[in-house]
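> I'd like to ask some things about the structure below.
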Amino acid sequence: MPVSEPDYDAFLSCGRALDGPLARVLRRGVQRFARPWYRLRASRVFLDDVAEWASVEQALGRSRRLILLASPEAAASERVGRELAWWLEHRSARQILVVLTSGEYARSVPPAVRRALGEDPRWVDLRTAGPVDDANPRLRQAVAAIASAVREVPEADLVGEHVRQHRLSVRLARGALVLLTVALLVAGLVAVGQRGSAVAQARAATARGLASAAVANLRTDLALSQVLAAQAYRVEPNAQTRAALFSSLTASPQLDRYVPVGGEVSALASSADGRIAVAGTEDGRVVRVDLASGRRAEQRVGTRPVTAVATSANGGVVAAFSAGSALRWEVGSGATQQFGTPDLTDGLVAVSPSGRFTAVYSTVRENIDADGRTRGHRIVHDGQTGRRTERDDTSFPVYLLRLPSEDVLLEVSFFDWVRRAPSTLDVTATAVGNAVPAGGFSVGLSGNGDYFGYSAKGTSKVWRTTQRAYGFDTQDFLLPDGRADPSAVAIAGDGTRLAVADAGSIHVYDTTGPAAGERLQLEGNSETSFVEFLGGDDHLVSSTRDRLVLWDLTRNTRLGSALPTRVPLSCNACPPPLISSSHGKYAVAAGSGVSVGTSAESVGPPSEFGPVVWNSTGDKVFVVTSPEGIGETWDVRDGLRKSVRWQGDVIGERVLAMGVAPDDQRLVTVNELGDVQVFEGASLASARTIPLGRQGSLSAAVSADASRAAVATADSVVLVDTVGGTRRELPGAASAVAFTSDGLVVQRARSVEVWDADGTSLRRTVPRDPAYLPGIAVNPATTLVTQLRRDYVLVLTDLMSGELVGQVPVVGERDRFGRPGMAFADDRTVVTAVSDLPLFRWDLAEDDWVRAACASAGRDLTAEEWRRFVGTEPPGDLTCG
């Protein structure tokens, strides 16, 4: 058919059954993104929601681009396949933008489209975006990326335009309000109200602009993103600014903090003990940073960029090289020694572990033979005797230099590695072989000199430098993965971990074991020039522009910390661990084990523990062992000691919930049938049982005063008065229930309901994604609820507004074993439990989030940045935190 002049900026193709709601939200967002105030939309997007193929084909012919919401279901859709086939026949594949909503790229994008898009297609990942909601920061970020592609405008520029249009709209509204205020001055109090409204709108617009900029910078400048989000929340605490703050703190959870250097970083090294980082700068300085205290010291090396730095094992001696000059710096005494001549170029430096020897290598003449050898100048300075040894030798150009011990100088080239005696520079050993590819690679050497390796497109390899010979067939570790354009490579001292910087990301690989391959991807910066391991294999330091970046590979959030209580080993088919807290103490039961503080007890299978409940003073816990039904009170004041057995036995195969009254004289249990059993008195004798006999009960809860129990069943929620024995039913299936200080929260398939404690009044209903797992935790104030997604991501929702606060992964893919448990310790602290790992405490206090964001960013927002993102004169105080 003839193709007319395009009327649509994009055609949105999707599997309607799965992605229809998402498609409508994306379409609305893209059409409105960076929209001028005087237009209805910034772009026109056609959504495939019509039945006739002729209309669809006409819209395809009138569209400039095609947006594919890719999923396994969409790939199997006949309609989607027909639309893609038309596009590939009549349009260019370069005009297709893939938005991946579920599944893997290879299964979600049809083969013909994959071939047409090539090996490195551009696509947007929306697989873990969370709720389909305009307020969701992940969706807003995706809208910005899609709008950028549709309108062919760089994303950063388009985000800036979006913020400017917001400001313009606010200024227009403000101007109108000012005019109205002047006109109504005679009305007195009315004018004051209008002025207050204008100020509030201006403040809200400023906060929105800062929050939008924070989300836009998440992947390219995480330090800036965090200070923007902190300022946005300080200007106006609301759902949007809180979500932006949460997103900035949960992006790249392994990030520890940024450390300013004061100049563009041109070289990087770290001490063997992991306490000191040393950076060279483009303006000729070497900067030493104590990572524990934050103290900085610096020395000038020369007037040209410092291209190499090194340090002793404890950071006490630093060496640096700038073309024509080398520096040895003894930090404790402040003594420095400069050595070298102007003809020394392309230099490398090394310092021995004790700091006694400092070595310098520099190329002084290139390509003096047909094999590519050069004349390199070597200098070793003995700090103990003051003696300097110099020597010129012809060799292949040296890439890396180390002094791994006091009697070995290691030189690594693209063809061999050579060991010399530092005191004489005589060669003591040589290993020859071709270890690196022809191009497109970056090399690394472990701090102790034991392991050498490289990364290139398609593969990464690591060798031991201690073996006498090597070649392509003798590498110790080979990974069928590598980066196309790596900028830096770091290798852990034991060779078991590799870190490769590629553009702004750092890819961390395990080189050994059954799970060898990529383990982590560290993001948040537009560029990463250097990367080094700090001490062992679980901390890194990298550089981006004028800052160092510290990474802790053992952490998964900046919002919390691990507790000393370790969760007992559970199983994949077992219920989630059950958590209880009181007086700042934590107890957790899972399977056949109970842990309280740092103590643990277990029983032999098939016995298992039910919930653990604290007494009123926090020095005892109540424990039930099933299926025997044995109830016991354990003393926890000095360890974990069984003290008293209850007079009554618990009826049932498994205990779903348990609670105790504030005076410890009434205890209530609920079993797997929903039967409620009440124990009373100091001896906890069985007083009465209120049978429900509901097979398949999913969840139960007991109120804080043990006066009520709630049971979720397949057809209703049953509320039981544990004192009088009366019941009330809330019709409709429920998957979980939880009591708060003054209410009852019910989780249903598509909503979370908040009731009064008696179940007589429904206070509010919050939408729920049906993909979440059964189970909820609610804070005592009934303002926050946490739920788990099927990929074990913790989703936090505001129960007052229904807004998504944020989401964090509770456990990584490799550590999953059994379903996690979760519980609130107080209004602003939630605790999660994963089998055989320490309990983890998540801090949900927004003031603490601001402090954490500012501490991690290591900087304040500047006046220039405020003007750029807000467009107004900045306030007097832009201090973060």
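The values are calculated or read from the model by the stated rules, or taken from the named source; none is laboratory data. As the structure is a prediction and not an experimental result, all values here were calculated from the model. Note: ideal-geometry Cβ built from the backbone for every residue, glycine included; neighbour counts use all protein chains shown. Surface areas here come from the heavy atoms of the whole protein model, side chains and all, with no ligands, DNA or RNA. Shrake-Rupley method; radii C 1.70, N 1.55, O 1.52, S 1.80 Å.
> Do we find that GLY732 is open to solvent by less than 40 Å² (accessible area, probe 1.4 Å), closer than 29 Å to LYS620 by Cα and free of Cβ contacts under 8 Å to residues at least 60 places away in the same chain in this structure? Write out each step before concluding.
On the way: open to solvent by less than 40 Å² (accessible area, probe 1.4 Å): yes; closer than 29 Å to LYS620 by Cα: no; free of Cβ contacts under 8 Å to residues at least 60 places away in the same chain: yes.
No: the conditions fail for GLY732.
> Go through the stretch 498-507 residue by residue and tally those that are farther than 18 Å from VAL436 by Cβ and either in contact with a helix residue (DSSP H, G or I) (Cβ under 9 Å, 6 or more places away or on another chain) or surrounded by fewer than 24 Cβ atoms within 10 Å (Cβ to Cβ) (or both). Before the answer, list the steps.
Filtering the stretch 498-507 down to residues farther than 18 Å from VAL436 by Cβ leaves 503-507.
Applying the additional criterion that residues be either in contact with a helix residue (DSSP H, G or I) (Cβ under 9 Å, 6 or more places away or on another chain) or surrounded by fewer than 24 Cβ atoms within 10 Å (Cβ to Cβ) (or both) yields 503-505, 507.
Total meeting the criteria: 4.
> All but one of (1) among the aliphatic types (A, V, I, L, M); (2) more than 23 Å from ALA267 (Cα to Cα); (3) part of a strand (DSSP E or B) hold for LEU403, so report the exception by its number.
Just one mismatch for LEU403, condition (2).
> Same structure again: For the stretch 392-416, name all the residues that are out of contact with any Leu (no Cβ under 9 Å at 6 or more places or on another chain) and buried (at least 16 other Cβ atoms within 10 Å of the Cβ). If you could, list the steps in order and put the result at the bottom.
To start, the set of residues in the stretch 392-416 that are out of contact with any Leu (no Cβ under 9 Å at 6 or more places or on another chain) comprises 392, 394-397, 405-408, 414-416.
Residues satisfying the conditions are SER395, PHE396, PRO397, VAL408, PHE414, PHE415, ASP416.
> Report those strands (runs of 3 or more DSSP E) wholly inside the stretch 478-538 carrying at least 1 residues which are over 29 Å from SER312 (Cβ atoms). So that I can check it myself, show each step before the final result.
On the way: elements: 486-491, 497-502, 505-510, 517-522, 530-533.
Counting at least 1 such residues, we get 497-502, 505-510, 517-522.
> Kindly indicate whether any position in the stretch 624-633 is closer than 27 Å to LEU762 by Cα, of a type in the set (Ser, Thr, Tyr) and modelled with pLDDT under 95. Steps first, answer last, please.
The initial filter retains those residues of the stretch 624-633 that are closer than 27 Å to LEU762 by Cα, namely none.
No, there is no match, as no residue in the stretch 624-633 is closer than 27 Å to LEU762 by Cα, of a type in the set (Ser, Thr, Tyr) and modelled with pLDDT under 95.
Residues checked against (1) open to solvent by 60 Å² or more (accessible area, probe 1.4 Å); (2) part of a loop (DSSP other than H, G, I, E, B):
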site: ARG35; (1), (2): yes, yes
site: ALA54; (1), (2): yes, no
site: ALA59; (1), (2): no, no
site: LEU66; (1), (2): no, no
site: TRP86; (1), (2): no, no
site: LEU97; (1), (2): no, no
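> Give all pairs with beta carbons closer than 7 Å in which a residue from the stretch 852-881 that is farther than 19 Å from ASP256 by Cβ meets a residue that is of a type in the set (Val, Ile, Thr) and surrounded by 15 or more Cβ atoms within 10 Å (Cβ to Cβ); count only pairs at least 6 apart in sequence or on separate chains.
Partner pairs satisfying both residue conditions: LEU861/VAL227; PHE869/VAL163; VAL870/THR206.
> Please go through the stretch 657-687 and pick out each residue that is touching a strand residue (DSSP E or B) at 6+ places or on another chain (Cβ under 7 Å) and more than 21 Å from SER616 (Cα to Cα). Step through it out loud before you land on a result.
Within the stretch 657-687, the subset touching a strand residue (DSSP E or B) at 6+ places or on another chain (Cβ under 7 Å) is 657-660, 665-672, 674-680, 684-687.
The answer is ASN671, GLU672, GLY674, ASP675, VAL676.
> Another one. Restricting to the stretch 275-307, count the residues that are open to solvent by less than 10 Å² (accessible area, probe 1.4 Å) and either of a type outside the set (S, T, N, Q) or outside any strand (DSSP E or B) (or both).
Residues meeting the conditions: 11.
> So which residues in the stretch 259-274 are closer than 24 Å to ASN556 by Cβ and surrounded by fewer than 22 Cβ atoms within 10 Å (Cβ to Cβ), if there are any at all? Give the steps one after another, and end with the answer.
Our first condition is that a residue be closer than 24 Å to ASN556 by Cβ; within the stretch 259-274, this holds for 259, 270, 274.
Hits for the stretch 259-274 are VAL259, GLY274.
> Checking the conditions here, which among VAL636, VAL676, VAL670 is among the hydrophobic types (A, V, I, L, M, F, W, C) and open to solvent by 10 Å² or more (accessible area, probe 1.4 Å)? I'd like the intermediate steps shown before the answer.
Details: VAL676 fails: open to solvent by 10 Å² or more (accessible area, probe 1.4 Å); VAL670 fails: open to solvent by 10 Å² or more (accessible area, probe 1.4 Å).
Going through VAL636, VAL676, VAL670 in turn, just one is among the hydrophobic types (A, V, I, L, M, F, W, C) and open to solvent by 10 Å² or more (accessible area, probe 1.4 Å): VAL636.
> Please find, among ALA214, ALA223, ALA244, ALA229, the residue that is free of Cβ contacts under 8 Å to residues at least 60 places away in the same chain and either on the phi > 0 side of the Ramachandran plot or not in a loop (DSSP other than H, G, I, E, B) (or both).
Values: ALA223 fails: free of Cβ contacts under 8 Å to residues at least 60 places away in the same chain; ALA244 fails: free of Cβ contacts under 8 Å to residues at least 60 places away in the same chain; ALA229 fails: free of Cβ contacts under 8 Å to residues at least 60 places away in the same chain.
On inspection, the qualifying residue turns out to be ALA214.
> Is there a residue being surrounded by 17 or more Cβ atoms within 10 Å (Cβ to Cβ) and among the hydroxyl-bearing types (Ser, Thr, Tyr) anywhere in the stretch 799-812?
no
Results for (1) out of contact with any Ser or Thr (no Cβ under 8 Å at 6 or more places or on another chain); (2) closer than 17 Å to SER225 by Cβ, shown as yes or no for each residue.
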| site | (1), (2) |
| --- | --- |
| ALA515 | yes, no |
| GLU518 | yes, no |
| LEU540 | yes, no |
| THR557 | no, yes |
| ALA562 | yes, no |
| ARG566 | no, no |
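> So, in the stretch 583-607, how many residues would count as being open to solvent by 20 Å² or more (accessible area, probe 1.4 Å) and closer than 18 Å to THR669 by Cβ?
Total meeting the criteria: 1.
> With respect to the numbered conditions (1) part of a strand (DSSP E or B); (2) within 44 Å of the chain's Cα centre (by Cα), which one is the sole condition not fulfilled by ALA733?
Only one criterion in (1) part of a strand (DSSP E or B); (2) within 44 Å of the chain's Cα centre (by Cα) is unmet by ALA733, namely (1).
> Right, next: Would you tally the residues in the stretch 680-703 being of a type outside the set (Val, Ile, Thr), modelled with pLDDT of 95 or more and under 42 Å from the mean Cα position of the chain (by Cα)?
Counting residues in the stretch 680-703 that are of a type outside the set (Val, Ile, Thr), modelled with pLDDT of 95 or more and under 42 Å from the mean Cα position of the chain (by Cα) gives 3.
> Let me confirm something: among GLY648, GLY610, which residue is touching a residue at least 12 places away in the same chain (Cβ under 8 Å), in a loop (DSSP other than H, G, I, E, B) and surrounded by 17 or more Cβ atoms within 10 Å (Cβ to Cβ)? First the steps, then the outcome.
Numbers: GLY610 fails: in a loop (DSSP other than H, G, I, E, B).
Matching residue, one of GLY648, GLY610: GLY648.
> For the subset of the stretch 373-391 comprising residues that are under 18 Å from GLY324 (Cα atoms) and touching a residue at least 40 places away in the same chain (Cβ under 8 Å), which member is surrounded by the most Cβ atoms within 10 Å (Cβ to Cβ)?
VAL380
> I've got another one for you. How many of the residues making up the stretch 745-785 are of a type outside the set (Val, Ile, Thr), part of a strand (DSSP E or B) and touching a residue at least 40 places away in the same chain (Cβ under 8 Å)? Steps first, answer last, please.
Step one: filter the stretch 745-785 for residues of a type outside the set (Val, Ile, Thr), giving 747-751, 753, 755-759, 761-764, 767-775, 777, 779-781, 784.
Those still in the list that are part of a strand (DSSP E or B) too: 747, 751, 753, 755-756, 762-764, 767, 777, 784.
From what is left, the residues that are touching a residue at least 40 places away in the same chain (Cβ under 8 Å) are 747, 767, 777, 784.
Qualifying residue count for the region: 4.
> So for the stretch 324-340 (the condition being over 18 Å from ILE379 (Cβ atoms), open to solvent by 60 Å² or more (accessible area, probe 1.4 Å) and in contact with a Lys or Arg (Cβ under 8 Å, 6 or more places away or on another chain)), does at least one residue qualify?
Quick first cut of the stretch 324-340, residues over 18 Å from ILE379 (Cβ atoms) only: 331-334.
After this cut, where a residue has to be open to solvent by 60 Å² or more (accessible area, probe 1.4 Å) as well, the list is 332-333.
After this cut, where a residue has to be in contact with a Lys or Arg (Cβ under 8 Å, 6 or more places away or on another chain) as well, the list is none.
Scanning the stretch 324-340 turns up no residue that is over 18 Å from ILE379 (Cβ atoms), open to solvent by 60 Å² or more (accessible area, probe 1.4 Å) and in contact with a Lys or Arg (Cβ under 8 Å, 6 or more places away or on another chain).
> Can you pull out the residues in the stretch 374-400 that are in a strand (DSSP E or B) and β-branched (Val, Ile, Thr)?
Here is the first cut: in the stretch 374-400, the residues in a strand (DSSP E or B) are 374-382, 388-395, 398-400.
The answer is THR374, ILE379, VAL380, THR389, THR394, VAL398.
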